[in-house]
Amino acid sequence: MNSVNLIIKAKLATGFIESVDKKLSKNVLLDLADRLEKSTEQLIAANELDFEKFPVNEFNLERLLLTKERIANIAKNLRKVANIDSPINEVIEEKKLDNGLNMKKIRIPLGVVGVVFEANPEVTFEAFALCFKSGNTLILKGDDKAEFSNQAVISLIHKSLIVNGISPDIVQFIPPDKEALNDLIYASGFVDLIISRCSKEQMNYIMNNSKVPVIEHKTGVVHVYFDKYGELKIGKKVLLNSKTRRVTLSNTAECLIIHQDRLKDLPNLVIPLCDRAVELEADDEAYAVLKNTYPKELISKARKNSFGKEFLDYKIAIKTVKNFDEALQHIISYSSNICESIVSSNEQSINVFFNKVDAAVVCANTSTALSCATEFGMGMEVGISAQKLHARGPISIKELTTYKWLVKSEGAIMK
């Protein structure tokens with residue numbers, strides 16, 4: 001079946017998902033978690049078929065790989081989402097006006113959500129769980145890198161739906177080609193929202209051509225600023241975790257900013273990175289301090305494009321600043337506005353950082369790796385948005401809803 005027909009099926013299936021009550025939605029996700037754990041070996045076998053098709057590099061390995069540990073973690077998070085109360089029909093606001101209007105603003109599903117992603121089969125689980133819990137039908141557009149993995153995942157999802165008496169039409173997986181992508185982004189009236197979680201080139205194409213509203217899962221240029229008043233012990237932990245937790249995620253630190261008064265502490269600050277073979281691209285001041293203490297094969301002088309770059313690798317740029325304002329200016333110039341963190345024991349510095357830094361998540365003495373839905377108690381996420389309209393930060397269940405007003409009166413009219 002071609003992608004246009006699959007998109008139409010998803011639109012028609014909105015009627016099926018409206019009939020799913022909260023208890024049944026919980027049962028489906030718990031069933032899927034159990035089914036996932038029992039199918040671990042089959043999923044890993046499908047995943048291995050994907051690796052046979054493409055050369056293995058660090059990027060593919062990080063995003064595409066399914067292991068027993070990752071599958072167990074996905075199952076754990078599915079159970080978390082299952083136990084989160086559905087927000088549908090939640091009363092956001094209620095008021096009675098002098099003109100006789102009794103008003104309620106309630107939360108409702110968006111309708112049909114399309115998710116465009118590459119390589120990562122975890123997204124298939126995340127997108128389904130969150131869209132299902134928020135009452136949306138789902139259209140997935142993956143790529144051929146994870147073809148076998150995604151087919152195995154979709155099969156598990158459909159089995160859990162069918163066993164629980166729910167139409168599998170509420171989840172559609174369209175072909176990985178560009179023609180299918182065009183069908184999706186031109187499907188105004190059939191698709192209510194697209195979440196773009198793909199390469200910069202494809203993301204730009206979607207943003208420039210889509211007739212459907214798009215939330216952009218932005219590339220991550222994230223900074224950790226070690227302030228004049230930063231505590232070294234905290235800084236070492238925050239920097240190491242921010243950089244190396246999972247290097248291909250968009251909340252990974254790509255630049256360390258350090259106050260010039262703390263350059264003497266820089267060797268100790270970055271030494272944990274050495275154990276993970278993290279390459280440093282250091283500006284002149286930082287390079288002069290590190291050239292005799294950090295392994296020569298892992299350090300080089302920063303180039304013009306070292307800053308504002310998403311490495312997606314075990315690499316990080318280092319920028320030395322004269323003062324707090326210069327650190328803020330560097331962040332303003334290069335941040336992708338997803339997450340920024342300051343390491344400081346000075347409350348005034350922290351408060352100014354919170355007020356001045358324009359990012360979806362702003363942290364103090366906290367790893368940027370924690371800026372995700374699972375750590376925020378939201379269960380799972382289908383992306384992280386730096387936009388200011390509709391959703392900002394981790395995109396989870398409530399971010400996949402909108403609202404409507406319910407208005408009652410005793411014959412009120414406009415005077």
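Inside segment 383-415, can you point out the residues that are under 12 Å from the mean Cα position of the chain (by Cα) and either modelled with pLDDT under 90 or assigned to a strand (DSSP E or B) (or both)?
Gly383, Ile384, Ser385, Ala386, Ala391, Arg392, Gly393, Pro394, listed by residue number.
So which residues in segment 332-368 are in contact with a helix residue (DSSP H, G or I) (Cβ under 9 Å, 6 or more places away or on another chain) and in a helix (DSSP H, G or I)?
Listed by number, the residues that qualify are Ile332, Ser349, Val352, Phe353, Lys356, Thr368.
Could you run through segment 17-26 and say how many residues are touching a residue at least 60 places away in the same chain (Cβ under 8 Å) and either in contact with a helix residue (DSSP H, G or I) (Cβ under 6 Å, 6 or more places away or on another chain) or surrounded by 17 or more Cβ atoms within 10 Å (Cβ to Cβ) (or both)?
Number satisfying all stated conditions: 3.
Would you pick out the residues in segment 275-312 that are under 16 Å from Lys243 (Cβ atoms), in a helix (DSSP H, G or I) and at pLDDT 95 or above?
Ala286, Leu290, Leu298, Ser306
Within the group Ser155, Ser196, which residue is without any contact (Cβ under 8 Å) to a residue 60 or more places away in the chain, closer than 30 Å to Leu49 by Cα, out of contact with any Cys (no Cβ under 8 Å at 6 or more places or on another chain) and among the polar types (S, T, N, Q)?
Going through Ser155, Ser196 in turn, the sole match is Ser155.
Within the set of pairs 6 or more residues apart or between chains, which connect a residue that is farther than 17 Å from Ser210 by Cα inside segment 161-183 to a residue that is of a type in the set (Lys, Arg) with Cβ atoms less than 7 Å apart?
From residues that are farther than 17 Å from Ser210 by Cα, the pairs are Asp169/Lys9; Gln172/Lys9.
Which condition from (1) in contact (Cβ under 8 Å) with a residue 60 or more places away in the chain; (2) touching a helix residue (DSSP H, G or I) at 6+ places or on another chain (Cβ under 6 Å) is the one that Ala75 breaks?
(1)
For segment 206-240, how many residues are within 19 Å of Ile316 (Cα to Cα) and out of contact with any strand residue (DSSP E or B) (no Cβ under 9 Å at 6 or more places or on another chain)?
Here the count works out to 4.
Applying the selection to segment 37-53, what residues are touching a helix residue (DSSP H, G or I) at 6+ places or on another chain (Cβ under 7 Å) and closer than 23 Å to Ile174 by Cβ?
Listed by number, the residues that qualify are Leu43, Ala46, Asn47, Leu49, Asp50.
Okay, residues lined up against (1) in a helix (DSSP H, G or I); (2) under 16 Å from Asn77 (Cβ atoms); (3) over 27 Å from the mean Cα position of the chain (by Cα):
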{"site": "Met1", "(1), (2), (3)": "no, no, yes"}
{"site": "Leu24", "(1), (2), (3)": "yes, no, no"}
{"site": "Asn27", "(1), (2), (3)": "yes, no, no"}
{"site": "Asp31", "(1), (2), (3)": "yes, yes, no"}
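Has segment 340-358 got any residue that is surrounded by 18 or more Cβ atoms within 10 Å (Cβ to Cβ), in contact (Cβ under 8 Å) with a residue 60 or more places away in the chain and under 18 Å from the mean Cα position of the chain (by Cα)?
yes
Just one of Leu266, Leu328, Leu273, Leu298 is surrounded by fewer than 21 Cβ atoms within 10 Å (Cβ to Cβ), assigned by TED's automatic domain parsing to the domain that holds Lys228 and under 16 Å from His223 (Cα atoms); which is it?
Among Leu266, Leu328, Leu273, Leu298, only Leu328 is surrounded by fewer than 21 Cβ atoms within 10 Å (Cβ to Cβ), assigned by TED's automatic domain parsing to the domain that holds Lys228 and under 16 Å from His223 (Cα atoms).
Tyr314: surrounded by 21 or more Cβ atoms within 10 Å (Cβ to Cβ) and in contact (Cβ under 8 Å) with a residue 12 or more places away in the chain, yes or no?
no
Please verify whether Asp283 is surrounded by 14 or more Cβ atoms within 10 Å (Cβ to Cβ), out of contact with any His (no Cβ under 6 Å at 6 or more places or on another chain) and within 25 Å of Leu249 (Cα to Cα), treating the condition exactly as stated.
Spelling it out, Asp283 is indeed surrounded by 14 or more Cβ atoms within 10 Å (Cβ to Cβ), out of contact with any His (no Cβ under 6 Å at 6 or more places or on another chain) and within 25 Å of Leu249 (Cα to Cα).
Looking at the structure I just gave you, is Val81 of a type in the set (A, V, I, L, M, F, W, C), under 19 Å from the mean Cα position of the chain (by Cα) and in a strand (DSSP E or B)?
No; evaluated as a whole, the condition is false for this residue.
If you take the residues of segment 152-172 that are of a type outside the set (A, V, I, L, M) and under 12 Å from Asn27 (Cα atoms), which of them is surrounded by the fewest Cβ atoms within 10 Å (Cβ to Cβ)?
My answer is Gly165.
The values are calculated or read from the model by the stated rules, or taken from the named source; none is laboratory data. The structure presented is a predicted model; accordingly, all values stated were derived computationally and were not measured. Every residue, glycine among them, receives a Cβ derived from its backbone with ideal geometry; neighbour counts consider all protein chains shown.
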